[in-house]
Structure formats: structure tokens, C-alpha cells
Amino acid sequence: MSGADAENAQSYVLLQIGERRFALPASEVSELAPPVRLHQFPHNSPLVSGIIVRRGRLVPVYDVCPLLTGKNSPTHQFYLVARRHFGSASEPAAIPVNGDSELVTADTVQVTSPAYVSGRLMHGGESIEVLDLDRLVAFESREKNQVDYAELNS
Amino acid sequence: MKIAAQDAVKARKARRPETVILFNVSNQLFAIAADSVQEIRSTDSLGAALEIEQQEILKVRHTIERGHRTYYVVNACAHFGLRVVRPTLVLMLRQIRVAVLVDKIERMAEISGLHALPRAFLGAERQWYRGLAYLEDQVIPVVSPLGFLTSQEFQRLDGATAEASRRDLERAAQI
């Protein structure tokens, strides 16, 4: 990495979801939580699998594994707690990951597709997608709502 | 400042201790403010419940008359989209013409405050719940009494009840 590249480089948390690795900007990540209890209750919100409690706060869990890998989430998972933005407000949001996370500094190249990927970074010879959490969960909600609408009208 | 003062009031209000009734529906625990429940009865004592003829709001099948008021009986399993089991108790709500069929009452408890429902939840649950309680390592949704039936649903049910009464009167007149 050149000196100029190092100046532009940012920190990312690499996380494992199913059998794939993704990245999130480290500035958006609060903590990696152990496999704590997932509290569930009736609701109609797509993607939200329940609530975990971290430091006295109730954190919604978004099950993004099926969307990103096409497979169901493994059991006994850790939770990566990041922030989801709603206009000028934000709230903590957790996504299930396995325990193998690492902090790296890397450059990214921007990509435009899929919509929930903001860029790619190279690490250890591997090209890793950088997730945009806000777009990811909004994308899934929109897709689910469209499916529901289609089912209603079929 | 006005806004900050309003926020402080809201925060104090949200953290006010509250007595709730913990109840079970299809093996799912819920809470409801104790002061929003007027009476708890066994379903066996509801022999006078009248069947209501309407197909639009499937969670309501019966009405109960109490103090010259018609209460609509909402099946909580159907309301929350849970597996329907045979209810044993009915919660008659205060200040709203709704009675709720539930499986059993767990107990009463005091919660130290209500957590706002996270914005991640964007479906009907925003009407169903006032918020969430964290009690003895459990996250429990605190139901909103006003969330069981919307004003439009009340209108439809009142219309169906009035129509049924009119037909009964016509039948009685023919006899």
C-alpha cells in the first residue's frame, strides 16, 4: 500500500455471515456481542427476528443471512451491533454473525450493484463486499412488501 | 428551552413505574396496564355472549352486553397472528368496548418503565404495542388497549350489529 493509499484507507470490520465474508465500516460498529438470548414476540416486520438486550438497551436483530447467502442463519451465533439510521435519528441494530470478526484497514472501490453494497475491498487476496446496513435492511423490507402485495393481488 | 423541557417530561413519563397484568396467548407472554382492565372473567361465564354475523373482521365472533354497552370480543390469537388455541379467560377492557380472549393470567407485576418499540418494527405491531417491558430477563410486549380494534373496525362491527338487530326485529314482527 502506498503512502497516498494509506491516507485514504479506512477501518472496516470483517464479519462472517454463513459461509461468506462481508465488511462494515468500523465507525458504524459498536460491538461484537456473544450469543445472548434472542427475545421474540409477534410482529409483522420483515427481516426482524427479535430483540437482544445489550447494556440495558433493547436492540432489534435483523436476520440478513438468507438475503446475503441464500441460506438460513446458523444457530448459536454472535451478534454484530451497528447503527441503523432513520433520517437524522439512529438506533442500534444487530446482525447475526459467526464469531470470526477482524478489524482491517483498507481502501475500497465503489460499486453500484447490488444496492446494499457500498464498495469492495481487497484483503488477503479476497474481494469483500462492504455492506451499507441502512440500504440492506431497507432493501429487504421493500422486497418483502412487494412480495406481500403480489400475494394479496394474486 | 421548551423542546428540552418537553423531552424531559416525555422521558419521565416513559420511566414511570406501572402495574401490569401478565397474560399468555398461545404460549406467548404479553403485558397490559392493570388500570386498563375492568374485569377478568372465565369464558364459561359468558353464556350470554351473542354470535355476530360478519366475515370482514375474523378476530371478532361474539359480543357481550355489559352495562347497556356492547363489547366486541377479540380473539387475541387471531389478533396477533398466533396459532389459535381454546381461550379460557376474557379481559373486559376499561374505557373501550373490547373484551379480549386469552389463555391464562400469569400474574401481576410492576415494571419500572416502558421501552419504546424500536423503529425497526414498522408493521401492525406499532398499533398493537405501547412499548416493551424488560422484566426478570424477559422482553415482554406491552399491548395497547386501543390497538385491538381500529375506529374503522368499530364502525363496521357497529354496522353489522345494527343490521342483525334490524333483522331480528323484522323476524319478531312477522311472528
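The values are calculated or read from the model by the stated rules, or taken from the named source; none is laboratory data. What you see is a predicted model, and the numbers here were worked out from it, not measured in a lab. Cβ: placed from backbone, ideal geometry, glycine included. Neighbour counts: every protein chain shown.
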Sole exception among (1) under 16 Å from B:PHE121 (Cβ atoms); (2) surrounded by fewer than 13 Cβ atoms within 10 Å (Cβ to Cβ) for A:GLY56, by number: (1)
Residue identified as on the phi < 0 side of the Ramachandran plot, buried (at least 17 other Cβ atoms within 10 Å of the Cβ) and within 8 Å of another protein chain (Cβ to nearest Cβ) among A:SER49, A:SER45: A:SER45
Residue under evaluation A:PRO74, criteria (1) in contact with a Cys (Cβ under 9 Å, 6 or more places away or on another chain); (2) within 9 Å of chain B (Cβ to nearest Cβ); (3) not β-branched (Val, Ile, Thr), criterion not met: (2)
Members of segment B:36-66 found to be in contact with a helix residue (DSSP H, G or I) (Cβ under 8 Å, 6 or more places away or on another chain), aliphatic (A, V, I, L, M), under 26 Å from B:ARG130 (Cα atoms) and touching a residue at least 60 places away in the same chain (Cβ under 8 Å), listed by number: B:ILE57, B:VAL60
Output for segment B:73-92, where each listed residue is farther than 14 Å from B:PHE23 by Cα and within 10 Å of the chain's Cα centre (by Cα): B:VAL73, B:VAL74, B:HIS79
Every residue from segment B:136-173 that is more than 8 Å from chain A (Cβ to nearest Cβ), surrounded by 16 or more Cβ atoms within 10 Å (Cβ to Cβ) and free of Cβ contacts under 8 Å to residues at least 40 places away in the same chain: B:SER144, B:GLY147
Any hit, segment B:109-122, residues being more than 10 Å from every other protein chain (Cβ to nearest Cβ), in contact (Cβ under 8 Å) with a residue 40 or more places away in the chain and of a type in the set (S, T, N, Q): yes
Elements of type strands (runs of 3 or more DSSP E) in segment A:75-123, at least 1 residues being at negative phi and without any contact (Cβ under 8 Å) to a residue 60 or more places away in the chain: A:78-86, A:89-97, A:108-110, A:117-123
Of the criteria (1) within 25 Å of B:LEU135 (Cβ to Cβ); (2) surrounded by fewer than 16 Cβ atoms within 10 Å (Cβ to Cβ); (3) within 14 Å of another protein chain (Cβ to nearest Cβ), which one B:VAL84 fails: (1)
Tally of residues being more than 14 Å from the chain's Cα centre (by Cα) and either surrounded by 18 or more Cβ atoms within 10 Å (Cβ to Cβ) or assigned to a strand (DSSP E or B) (or both) across segment B:18-28: 3
Residues within segment A:55-71 that are without any contact (Cβ under 8 Å) to a residue 40 or more places away in the chain, within 14 Å of chain B (Cβ to nearest Cβ) and in contact with a Ser or Thr (Cβ under 8 Å, 6 or more places away or on another chain), tallied: 2
Those residues of segment B:39-81 which are modelled with pLDDT of 85 or more, more than 22 Å from B:TRP128 (Cβ to Cβ) and surrounded by fewer than 11 Cβ atoms within 10 Å (Cβ to Cβ), in sequence order: B:SER42, B:ASP44, B:HIS68, B:ARG69
